[in-house]
1. Just from its helices, what would the mean residue ellipticity at 222 nm be for the chain, if runs of 4 or more DSSP H residues each count -39500 (n - 2.57) and the sum is divided by every residue, rounded to the nearest 500 deg cm²/dmol?
2. What does the charge count near GLN111 come to, summing +1 for each Lys or Arg and -1 for each Asp or Glu among other residues with Cβ under 13 Å from its Cβ?
3. Given a Förster distance of 41 Å, report the FRET efficiency between SER296 and GLN132 from their Cβ-Cβ distance, rounded to the nearest 0.05.
4. Counting only the backbone N, which residues of region 246-267 are under 20 Å from the spot 7 Å out from the Cα of LEU310 toward its beta-carbon?
5. Pick from THR121, THR176, THR54: which residue has the top mean-square fluctuation in a GNM of the chain where Cα pairs under 10 Å get a spring?
6. Given the options GLY269, GLY149, GLY25, state which has the largest fluctuation in a GNM of the chain using a 10 Å cut-off (strictly under) for Cα springs.
7. Looking at the chain, send over the antiparallel percent of its DSSP beta bridges, to the nearest 5.
8. Using a Cα distance threshold of under 27 Å, what count of lysine pairs results for the chain when pairs must be 8 or more residues apart or interchain?
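Read-outs throughout are calculated quantities, based only on the coordinates presented, and are distinct from any laboratory measurement. Here the structure is a predicted model, which means the values were calculated and not measured. Cβ coordinates were reconstructed from backbone atoms using ideal geometry, including for glycine residues, and neighbour counts include every protein chain displayed.
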Amino acid sequence: MTVTERPRLALCADASLAAGEDPIGTAPHWQEVTVLELDVPVWAKLRDVASWTTEQSGVFERLRGKVEASGAGFGLLMSAPTKAGRPLRVRHYVRQNAGFVRRDYASDLPQTEWARGLTDTLLEPENLKAWQGVETPSAGPDFHVCTHGTVDAACGRYGVPVHAALQAAGLRAWRTGHFGGHRFAATAVDLPSGYLWAHLTPELAVRVARREVHPAEVAGHLRGFAGLPRLGQLIDRELLIRHGWDWLRAQRWAEVDGETVTLHFELDGAVGIARAEVLPAAPLKLPGSSHNADLSEIRQCQLGEVSVELQASP
């Protein structure tokens, strides 16, 4: 009997790498991030809009209204807990100072009450008084690695070994549900720094998490700083390259006027403004996902000359 092997699925992440896509500017812009600790089977239930209760649907309606009213985006991550089946826990990150500030909360609620976690962190934070505060680590990054292979095979193939390598190295890492950008697998959210990474390998992920590689060497793997709007992420990357990992201590915010970006920053007592034009680069044609071969036009940008003006300290 002749066994015919099924052809290997063409992965969108491979297409992105082969095309030389620059991932900068693809990080979402967040003011808050809520991480729900949910068993992997629960991930699909949360993503199944048709199965939501009226209460759960109402939470997302309120969140949509919050974003429309304030323009402040939020991140929702689902991460597998260290012990399956335990009550609902949340990690809440708020944009503050140089990056994000983390707070952890535990409850006696079952994981099916995930909507409470969203309500109490993002909509009614006064309710957090009813949760149990959990001591948070004082230093080091939290890596949330997308391993959600049922959404896109690339995240399963490349995300799982990256997560395993980070854990084996004694670093804080979680298997995380889909958060966008599967063509950048293995992709990770690095908090509290607020950076998102693309095309990580197990070895590279460990070196980045330990800050053992200069940012200039991994600039092509950076999707951007989620604390800034997308165009602001380009100029932020340039200053990260110039200052190295010290830039993670910089307080910064950006103004975007058309294609002109002005980044205000304060780092170790130095106050300044960086300004540059974001210029178009040749777009790419890439598949929408590993399970959809249809090609879409992917915008690419490049940064014009960056001017930096230091000001007198306040």
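1. The helix-only estimate for the chain comes to -6500 deg cm²/dmol at 222 nm.
2. Combined, the nearby Lys, Arg, Asp and Glu give +1.
3. Efficiency at R0 = 41 Å is approximately 0.35.
4. 246-253, 263-267
5. THR54
6. Among GLY269, GLY149, GLY25, the largest GNM mean-square fluctuation belongs to GLY269.
7. Just about 85 percent of them are antiparallel.
8. 4
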